[in-house]
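Here the structure is laid out as structure tokens; the discussion comes afterwards.
The values are calculated or read from the model by the stated rules, or taken from the named source; none is laboratory data. Note that the structure is a prediction, hence the values are computed from the model and not measured. Virtual Cβ from ideal backbone geometry, glycine too; neighbours counted across all protein chains shown. Please note that ligands, DNA and RNA were not included when accessible areas were found on the heavy atoms of the full protein model with its side chains. Shrake-Rupley method; radii C 1.70, N 1.55, O 1.52, S 1.80 Å.
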Protein chains: 2
Amino acid sequence: MALVEISKYKSFGGFQKVFSHKSKILGCEMKFGIYLPSQIEDKKLPVIYWLSGLTCSEANFIEKSGAQRYAQEYGVVIVNPDTSPRGLNISGDKDNWDFGEGAGFYVDATEEPWKKNYNMFSYVTKELIEIISTNFNVIEGTQSIMGHSMGGHGALICALKNPGLYQSVSAFAPICNPSKCAWGRKAFEGYLGPQETSNWSDWDATELVKVYNGPPLCLFIDQGAADKFLQEEQLLPNNLVEACKIAKVPIILNKREGYDHSYFYISSFIGEHIKHHSGYLQK
Amino acid sequence: MALVEISKYKSFGGFQKVFSHKSKILGCEMKFGIYLPSQIEDKKLPVIYWLSGLTCSEANFIEKSGAQRYAQEYGVVIVNPDTSPRGLNISGDKDNWDFGEGAGFYVDATEEPWKKNYNMFSYVTKELIEIISTNFNVIEGTQSIMGHSMGGHGALICALKNPGLYQSVSAFAPICNPSKCAWGRKAFEGYLGPQETSNWSDWDATELVKVYNGPPLCLFIDQGAADKFLQEEQLLPNNLVEACKIAKVPIILNKREGYDHSYFYISSFIGEHIKHHSGYLQK
């Protein structure tokens, strides 16, 4: 698991770096971003994982979120992986912006030709955590997860399917109920097979809260009220809220008037999210 | 001078917008970014102009600087124009990344085939100010200017050549002495003609401070100590400092250990610069 440092930029007193490594689980070279606050030179720090949305690589969050300022302020490492395997040239992996490369959907695929490589869920929750623990001065097991859109869905299912693995979870404009929206149905159909014969509910936050059985976990959800994908019913936060009510899983849904789906929206509230996680990570 | 709104994103409570308009001075369609803090709905606000560096359009600063947070905090509008005329298809305007499109150098060209259109100095200091005053709720004449690299050079010469027009000026890693560095010499040769027969010193901050004769003006300069273009002698801040000493023009040069030339560096200190200007603009 040798890491190759691809880039290194001083930022807000710490360093924003990008590394590549050969992923066993994905069977390809993968890149991730990591922000290392200056405090890491003196002590172990907790980690927040960020999962990006459709079409993103590791670059978008690093360049546009402004998260570094808050990571330095609160003394947390932020790790952000790419959104899918890359460079495998699987037939069809570049034909769609919402399926294949840039659109791994944070599931473990069961269908051909995806099942060998498209296992972003295991990559994020196992291999990446191990790489970070092994190679950086972090507090092992003290970590949270957040994400945006497809990555918000990813953060929610990673937390709900691994009770206790993450101290807290949050999401910006997550795809809350992928079994019921066009993006999710397309991805699940391709990676998991037809709904009738597959366990889509194992990968859908709205279904997973209904069977969540673990330490107390509050879902911290952020949603721009002017988000066109909300209006197009790709995100369906109300379905998640309803399921949480029934399952008695606490959820906070912050609706932000006038905000859309972009990084201009994310950067406006990323500080609040990092502060939120920091409260759980530094108890 | 009709403005066309190209995009609009809510950001930190205000709006980040991009407009296009037909520029008389440049003879082409031009775009600029403008951040409008929420306070502008109730009162007139001062303006800070940002001039970007080589290869940039209006997008880089908007997406990567994180300036919106501070503009909202201090209640200032930020306007950032493109770095050159676009779409004119002048022979050679796309052959170089450091000359022609994306590299207007903020001068008024005197040489063919550039002199008709490549007049970014007049565009920034006259036409753009008029457009902003006419179309937005700003305090006329209460403005500052800052920029990065080629745009830092631009900010310095705009302020030094127009005593009193800007309340304050600052620059990140500016090209301080373009007559003496490769980037500057190439641009000046092309836009202004050979050094022997042209007045390069009229467009060079290090020369202009020597003849500055106007209201007190302190040059607030920021420079990453690990900037490779500093090492390659493209920026030459010490020449400007020496000239300021002789001319008794106050200058502050902040050297930032470990920082390079990127937007990771800019975003780390843009808040300090906006605070600095705000002190002058809100007296």
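Which one is surrounded by the fewest Cβ atoms within 10 Å (Cβ to Cβ), of the residues in region A:247-279 that are part of a helix (DSSP H, G or I) and hydrophobic (A, V, I, L, M, F, W, C)?
Filtering region A:247-279 down to residues part of a helix (DSSP H, G or I) leaves A:247, A:263-279.
This time we only want the ones that are hydrophobic (A, V, I, L, M, F, W, C), so: A:247, A:264, A:266, A:269-270, A:274.
Working: A:A247: 15, A:F264: 22, A:I266: 27, A:F269: 17, A:I270: 27, A:I274: 25.
That would be A:A247.
Condition check ((1) part of a helix (DSSP H, G or I); (2) touching a Pro at 6+ places or on another chain (Cβ under 7 Å)) across all residues:
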| residue | (1), (2) |
| --- | --- |
| B:F105 | no, no |
| B:E112 | no, no |
| B:T125 | yes, no |
| B:L128 | yes, yes |
| B:T134 | yes, no |
| B:G141 | no, no |
| B:S179 | yes, no |
| B:G184 | yes, yes |
Worksheet item: Taking the stated definitions as given, is A:F188 among the aromatic types (F, W, Y) and closer than 24 Å to A:L128 by Cα?
Response: yes
Worksheet item: So which residues in region A:107-124 are closer than 20 Å to A:F19 by Cβ and open to solvent by less than 10 Å² (accessible area, probe 1.4 Å), if there are any at all?
Response: A:M120, A:Y123, A:V124
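When region A:186-217 is examined, which residues are found to be part of a helix (DSSP H, G or I) and either in contact with a Lys or Arg (Cβ under 7 Å, 6 or more places away or on another chain) or among the hydroxyl-bearing types (S, T, Y) (or both)? So that I can check it myself, show each step before the final result.
Going through region A:186-217, the residues part of a helix (DSSP H, G or I) turn out to be A:186-192, A:195-197, A:200-203, A:205-211.
If the condition is that a residue be part of a helix (DSSP H, G or I) and either in contact with a Lys or Arg (Cβ under 7 Å, 6 or more places away or on another chain) or among the hydroxyl-bearing types (S, T, Y) (or both), then A:Y191, A:T197, A:S201, A:T206, A:L208 are the ones that fit.
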Worksheet, complete the sentence: Condition set within 14 Å of another protein chain (Cβ to nearest Cβ) and open to solvent by less than 10 Å² (accessible area, probe 1.4 Å), scope region B:199-235, selection nearest to the chain's Cα centre (by Cα): answer is B:D222
Worksheet item: If B:I131 satisfies every condition in (1) open to solvent by 10 Å² or more (accessible area, probe 1.4 Å); (2) touching a strand residue (DSSP E or B) at 6+ places or on another chain (Cβ under 8 Å); (3) more than 28 Å from B:D260 (Cβ to Cβ) but one, which is the exception?
Response: (1)
Item to complete: Tell me the strands (runs of 3 or more DSSP E) entirely within region A:1-55 that contain at least 1 residues that are open to solvent by 70 Å² or more (accessible area, probe 1.4 Å) and at pLDDT 95 or above.
Response: A:4-11, A:14-23, A:28-36
Practice prompt. Please work out if B:A155 is in contact with a Gly (Cβ under 7 Å, 6 or more places away or on another chain), modelled with pLDDT of 95 or more, part of a helix (DSSP H, G or I) and crowded, with 22+ Cβ neighbours inside 10 Å.
Written response: yes
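Could you say whether any residue in region A:42-57 is in contact (Cβ under 8 Å) with a residue 12 or more places away in the chain, within 14 Å of another protein chain (Cβ to nearest Cβ) and under 17 Å from the mean Cα position of the chain (by Cα)?
Looking through region A:42-57, at least one residue is in contact (Cβ under 8 Å) with a residue 12 or more places away in the chain, within 14 Å of another protein chain (Cβ to nearest Cβ) and under 17 Å from the mean Cα position of the chain (by Cα).
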